[in-house]
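Notes to accompany the following structure.
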Amino acid sequence: MKSSRPRIITIANQKGGVGKTTTAINLATALAAIGERVLIVDLDPQGNASTGVGINRQDRHVSSYDLLTGEADVAESAMPTAVPGMSIIPSTLDLLGIEMEIANAPDRVLRLRNALRRSFDQDGAFTYVLIDCPPSLNLLTLNSMAAADSVLVPLQCEFFALEGLSQLLETVEQIRNSINPDLTIQGIVLTMFDGRNNLANQVVEDVRAHMGEKVYETVIPRNVRVSEAPSYGKPAILYDLKCTGSQAYLQLASEVIRRERRLRAA
Ligand code: ADP
Ligand code: MG
């Protein structure tokens with residue numbers, strides 16, 4: 001039987017500024033470019049992913065907040081983007097209040113999973129869902145891990161790259177031991193690599209030594225075109241396909257797909 005359920009990948013790291021949102025947007029765009037139908041779920045109240053794909057605040061009438069409260073389903077909250085085959089459920093600052101609002105609900109960690117499952121039981125509109133997490137291991141991030149098939153972790157090539165990773169992996173383990181036994185680590189992607197910097201090279205070596213095969217071969221270079229793109233409301237791949245950053249994200253997408261095929265076959 002052909003399953004219409006999409007693969008759900010959450011992009012998580014409790015550190016801010018490590019490249020979560022940039023990875024969510026550009027990996028999603030790269031997947032859409034090779035024919036996948038992709039949904040981004042913006043779970044960060046900052047809404048950087050929404051802005052980065054060109055969805056203005058005043059146009060976010062239905063958001064991930066409504067998805068979590070049950071006010072809207074995926075079809076009602078997903079908005080098309082300028083990238084063919086890529087939609088986004090935008091976020092608004094309403095999300096800041098969600099932790100307190102659902103703190104005592106018995107299904108507080110399962111809100112996203114239930115909403116996605118309800119929607120995806122009905123249609124095969126998407127083949128991939130990428131979730132952009134806030135910089136915290138809060139209830140929103142836990143919701144994403146409960147809903148996901150796998151976790152993709154961006155690590156910035158800097159001195160403290162590995163700091164905090166064990167806490168993140170422990171959280172994944174807790175979710176696996178409780179509500180989502182099938183959750184896996186899709187992989188760890190090194191971001192903002194500057195080859196002229198000896199420290200960055202050392203960081204890449206250290207992370208590979210510690211985390212082995214979990215680390216993707218693709219390393220995302222620091223690239224000014226990548227950092228400019230969001231201010232035009234465009235993924236870097238749309239803004240400048242040829243730049244080194246865009247090319248790296250295309251390469252990352254093929255690694256992700258290869259791993260997904262392996263995970264699915266297992
Ligand atoms: P996070 O979502 O983890 O907070 P972002 O993806 O927003 O991180 O990235 C933090 C900052 O670094 C942003 O200003 C972004 O444009 C910039 N940035 C991310 N990746 C790159 C890159 N490969 N090259 C240059 N700048 C980058
Ligand atoms: Mg972000």
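The values are calculated or read from the model by the stated rules, or taken from the named source; none is laboratory data. All values reported here derive from a predicted model rather than from experimental measurement. Here Cβ is always computed from backbone atoms with ideal geometry, including for glycine, and neighbour counts include all displayed protein chains.
Just a few scattered comments:
- Selection within the stretch 205-229: residues that are in contact with a Leu (Cβ under 8 Å, 6 or more places away or on another chain) and hydroxyl-bearing (Ser, Thr, Tyr). The member of this set that is farthest from ligand 1 (Cβ to nearest atom) is Tyr216.
- Assessment of the stretch 220-232 against the conditions (among the hydrophobic types (A, V, I, L, M, F, W, C) and more than 27 Å from Phe159 (Cβ to Cβ)) yields no matching residue.
- Matching residues in the stretch 1-17 - criterion: being surrounded by fewer than 24 Cβ atoms within 10 Å (Cβ to Cβ) and within 13 Å of ligand 2 (Cβ to nearest atom): Gln14, Lys15, Gly16, Gly17
- Test result for Leu152, hydrophobic (A, V, I, L, M, F, W, C), touching a Leu at 6+ places or on another chain (Cβ under 8 Å) and in a helix (DSSP H, G or I): no
- Residues within the stretch 220-238 that are surrounded by 20 or more Cβ atoms within 10 Å (Cβ to Cβ) and away from ligand 2 (no atom under 16 Å from the Cβ), tallied: 4
- Residue that is nearest to ligand 1 (Cβ to nearest atom) [pool: residues in the stretch 120-146 that are more than 11 Å from the chain's Cα centre (by Cα) and under 11 Å from Val41 (Cβ atoms)]: Leu140
- Options Ser50, Ser87: the member that is more than 13 Å from ligand 2 (Cβ to nearest atom), at negative phi and in contact with a strand residue (DSSP E or B) (Cβ under 6 Å, 6 or more places away or on another chain): Ser87
- Scope the stretch 5-46; condition over 20 Å from Leu165 (Cα atoms), touching a helix residue (DSSP H, G or I) at 6+ places or on another chain (Cβ under 7 Å) and not hydrophobic (A, V, I, L, M, F, W, C); matching residues: Arg5, Pro6, Arg7, Asn26, Thr29, Asp42, Pro45
- Every residue from the stretch 185-208 that is of a type in the set (Gly, Ala, Ser) and either touching a Cys at 6+ places or on another chain (Cβ under 6 Å) or free of Cβ contacts under 8 Å to residues at least 40 places away in the same chain (or both): Gly195, Ala200
- Any pair with Cβ under 6 angstrom, 6 or more apart, that starts in the stretch 47-65 at a residue that is at pLDDT 95 or above and ends at one that is among the acidic types (Asp, Glu): Ala49/Asp42; Ala49/Asp132; Ser50/Asp42; Val62/Glu76; Ser64/Asp42; Tyr65/Asp94
- From Ser91, Ser87, residue being touching an Asp or Glu at 6+ places or on another chain (Cβ under 6 Å) and of a type outside the set (Phe, Trp, Tyr): Ser91
- Test: residue in the stretch 196-205 that is of a type in the set (A, V, I, L, M, F, W, C), surrounded by 15 or more Cβ atoms within 10 Å (Cβ to Cβ) and within 20 Å of Ile9 (Cβ to Cβ): no
- Of the candidates Val62, Val83, Val18, the single residue that is within 28 Å of Leu263 (Cα to Cα) and more than 16 Å from ligand 1 (Cβ to nearest atom) is Val83.
- Only one entry of Leu142, Leu95, Leu116, Leu137 meets the criterion of being touching a helix residue (DSSP H, G or I) at 6+ places or on another chain (Cβ under 8 Å) and either within 19 Å of Pro6 (Cα to Cα) or among the β-branched types (Val, Ile, Thr) (or both), and that entry is Leu116.
- Any hit, the stretch 173-184, residues being without any contact (Cβ under 8 Å) to a residue 12 or more places away in the chain, in a loop (DSSP other than H, G, I, E, B) and out of contact with any His (no Cβ under 8 Å at 6 or more places or on another chain): yes
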